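Worksheet for the structure shown next.
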Amino acid sequence: MKNTTNAVPGLAAGTTIGVVGAGTMGNGIAAVALRAGHTVKLYDTRQEALPKAAEAIASIAARWVKKGDIPPADQAAYQARLVLVSDVQALHDCGLVIEAIIEDLEIKTALFKSLEHCVAADAILASNTSSISITAIGAGLQQPERLVGMHFFNPATVLPLVEVVSGEATAPAIADLIAATAKAWGKSPVHCRSTPGFIVNRVARPFYAEAMLALQEQACSKGTLDAALRDAGGFRMGPLELMDLIGHDTNFAVTRSVYNSFFQDPRYKPSLIQQALVDAGWLGRKSGRGFHLYAENAPAPAVELAPAEKPPAQAVVQGEFTGAGLLAELANEHGMKIERRAGPGAILLDDVQILPCTGEAATSLAVKAGTDNIVLFDASTDYRKASLVVLAKADQCSREALASATGFFQALGKGVTVIDDVPGLLVLRTLCMLANEAAEAVCHGIASPADVDTAMIKGVNYPIGPLAWADAYGSDNVVSVLENLASAYPDGRYRPSALLRRKALSRQRWHAEGANQ
């Protein structure tokens, strides 16, 4: 899929935009189009929803004024260009109509059939669907080539990403025009083919799934799990708190849809833990309870931090592994004497080997090495920024050795949490699975590497694109971790993408050196 270029102009500012659906998404999309200078016709079959929509859009504009994003005069101008209509025929002069209604294929298809007979032959029809096939919607139209996905993210007025989704019949020129229009509206468009989950909802599945698998195996407490991905991994929110925010009914439905759409591929298998939450009605923030509690005086989720331990006076940073140089630098900055030495990647203290996690359990590595005192440390997207380090010890490891390892990372100014000895720990398995899913999307021609990474950064606030992270960590290392996980969980979930394997063998990067992400 190609990227939008400046050579393709967007829709002219004088083009009237139609928005169908006066709910949260429709109102947000209407506000974005108004801010870009368009007249917007907002249509909904529920006449009582239209005045409320006008109030919501006025509130959005008022917030922009308060923040200094727009001058006060623009707020009145937006209201003057907003036209509320309760008859679909009133959309006849729209150059682009964006649908933002219920996620139901039959209802959407019926709407677009009526729009097709209403608007001009050269008008563009767009769906904001997050899960329904653009190809399937277009199959019922006389001109499916002018139907395109224009998937905004909630809230549409804040999040910059727009997935421009091409069905099998979508004309490339239409997709390019919509991408250029989204860019002119201040958004970050990415191109993708119509496939289950598009980019974001597909590539993001492991962020939730790996967390629930770790929870199922009782790797740590819920608060600790969230802290690991947030404070060690660098993600804006932990996976459990994010699912609570999204709503478990919504998140579980998307997971089931993707799983069934891929013919029950184990990569997307739903979790019984989440099903239990849905069955109990514990849907997250909106119900007051999910993985965490949200009553007014509910305690914050507990994070299991290791007690303070004596820092070592010196350590050996042996070999080259991701973060080796930075960890040695941090140790020096905190007054520890550090020796750099060739050899297998490890941090060596007198009584313990501290190894970077590679997907194998610490206990298994200790047995292979014939030594008891092995402690693993988890990955991070940025060890300098991370406020937490995740450790796991071999079952044979002594209490004193674990204390030494803990003291080393605490001496770097980091909090430490010790979890159970599960393969891949928490952050590493998640990052590798995100990279694998991103690679699979590229392999199948769903989107380009640049658009995949942009989608995950702009759409769900990831600290780094999964393929950019794979470049930094090494695609060969990602494959190795996945193979180790596949040995521990031989159900097909962790099979590496064929394209990821090829990148690993050829040592090719996903992005050109120095490319702007």
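Derivation of every value follows stated rules applied to the coordinates shown; laboratory data play no part. Since the structure is predicted, the reported quantities are computational estimates derived from the model, not experimental observations. Don't worry about glycine lacking a Cβ; one is built from the backbone with ideal geometry, like all the others, and counts go over all protein chains shown.
Here are a few things to note about the model shown:
- Sorting Leu42, Leu349, Leu505, Leu240 from the fewest to the most surrounding beta carbons within 10 angstrom yields Leu505, Leu349, Leu240, Leu42.
- Modelled FRET efficiency - R0 41 Å, Asn260 with Met237, Cβ distances, 0.05 increments: 0.95
- Reduced Cα scattering model of region 427-506, Debye log10 I(q)/I(0), q = 0.13, 0.14 Å⁻¹: -0.35, -0.41
- Neighbourhood net charge (15 Å Cβ-Cβ; Lys/Arg +1, Asp/Glu -1) for Val88: -1
- Of the two radii for region 318-435, the radius of gyration is 0.93 times the Kirkwood radius, both from the alpha carbons; that is the Rg over Rh value.
- Taking N as its residue count, the alpha carbon Rg of the chain over 2.2 N^0.38 Å: 1.07
- Taking every alpha-carbon pair within region 33-142, the share separated by more than 16 Å comes to 64 percent.
- Residue-wise HN-Hα coupling along region 257-263, computed from phi with Karplus coefficients 6.51, -1.76, 1.60 (Hz; x: Gly, Pro): 4, 5, 4, 6, 5, 9, 6
- Taking Cβ atoms as reference points and 14 Å as the exclusive limit, the residues near Ala73 contribute a net charge of 0, counting Lys and Arg as +1 and Asp and Glu as -1.
- Spin-label model distance (nm) - Ala308 vs Ser506, 7 Å beyond Cα toward Cβ: 5.4
- Percentage relative contact order, the chain, counting C-alpha pairs under 8 Å, at least six apart: 12
- In terms of surrounding Cβ atoms within a 10 Å radius of their Cβ, Arg384, Arg429, Arg35 rank from fewest to most as Arg384, Arg35, Arg429.
- Based on C-alpha pairs under 8 angstrom that are at least 6 apart in sequence, region 202-287 has a relative contact order of 31 percent.
- Charge tally in the Cβ shell below 12 Å around Ile57, where Lys, Arg are +1 and Asp, Glu are -1, Ile57 excluded: +3
- Estimated inter-spin distance, Ile273 and Glu339, nm [label 7 Å along Cα→Cβ]: 4.2
- FRET E, pair Val8, Tyr489, Förster distance 35 Å, beta-carbon r, rounded to 0.05: 0.20
- Remark on region 202-287: ratio of C-alpha radius of gyration to 2.2 N^0.38 Å is 1.04.
- Computed from the Cβ-Cβ distance with R0 of 41 Å, the FRET efficiency linking Asp420 to Lys67 stands at 0.35.
- If the segment from Arg384 to Arg46 were pulled out straight at 0.36 nm per residue, it would be longer than the present Cα-Cα gap by 116.4 nm.
- Spin-label model, Glu320/Ser86: points 7 Å from Cα along the beta carbon direction are separated by 7.1 nm.
- Subtracting the Cα-Cα distance of Gln216 and Asn332 from 0.36 nm times their residue separation leaves 37.9 nm of extension gain.
- Difference of contour (0.36 nm per residue) and Cα-Cα distance, Ala253 to Lys368: 37.1 nm
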